[in-house]
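Below is one structure, written out as structure tokens; the observations come after it.
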Amino acid sequence: MTAADLIELLEGVDPDTEVRIAEQPSWPFEYDISGVVEAKLGADREENANLERAQEILDADDATPEERAQAYRIIDTASTSVLYIVEGTQLAYLPSMASRAIGWR
């Protein structure tokens, strides 16, 4: 999802509506949001230098799950910018009505 997609989804929503994060479909909780951070991840020269090695790991048949996970993290950080919605405090279990609206139950 891009910021434009999120803005479009929020069109018509009352600006005073509280925003929360729903997490864990099998045991749903709700969290408040403690902030929003934009990270310029691809700006790190060392991470960019590791992209080629990360792709080699992903192409290798004998790479361990840990090596693959690390390689995916390196590739993910090569994007130019990511907006992170920062999870705040766990408030409660997600209300059943919200869980059903999401399609989790």
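Every read-out reported here was derived from the displayed coordinates using simple, explicitly stated rules and does not represent laboratory data. Keep in mind that what you see is a predicted model, and the values were worked out from it rather than measured. Glycine gets a Cβ as well: all are built from the backbone with ideal geometry, and neighbour counts include every protein chain shown.
Remark: spin-label model distance R73-R20 equals 3.1 nm, labels positioned 7 Å along the Cα→Cβ axis.
Applying 1/(1 + (r/R0)^6) with R0 = 35 Å to the Cβ-Cβ distance of E38 and A63, what FRET efficiency is obtained, to the nearest 0.05? Efficiency, rounded to the nearest 0.05: 0.65.
What is the sum of charges, Lys and Arg at +1 and Asp and Glu at -1, for the other residues whose Cβ falls under 10 Å from the Cβ of Y31? With Lys, Arg at +1 and Asp, Glu at -1, the neighbours total -3.
How about region 58-103: which trypsin sites (Lys or Arg not before Pro) there are in a DSSP loop, with at most 16 other Cβ atoms within 10 Å of their Cβ?
Numbers: sites: R68, R73, R100; in loops: none.
Those that pass, being in a loop and sparsely packed, number zero.
Where the only charges are on Cβ atoms (+1 Lys, Arg; -1 Asp, Glu), what is the dipole of the chain about its Cα centre, to the nearest 20 debye?
Dipole magnitude for the chain comes out near 300 debye.
Over all other residues within a Cβ to Cβ distance under 9 Å of Q90, the charged ones net out to -4, with Lys and Arg as +1 and Asp and Glu as -1.
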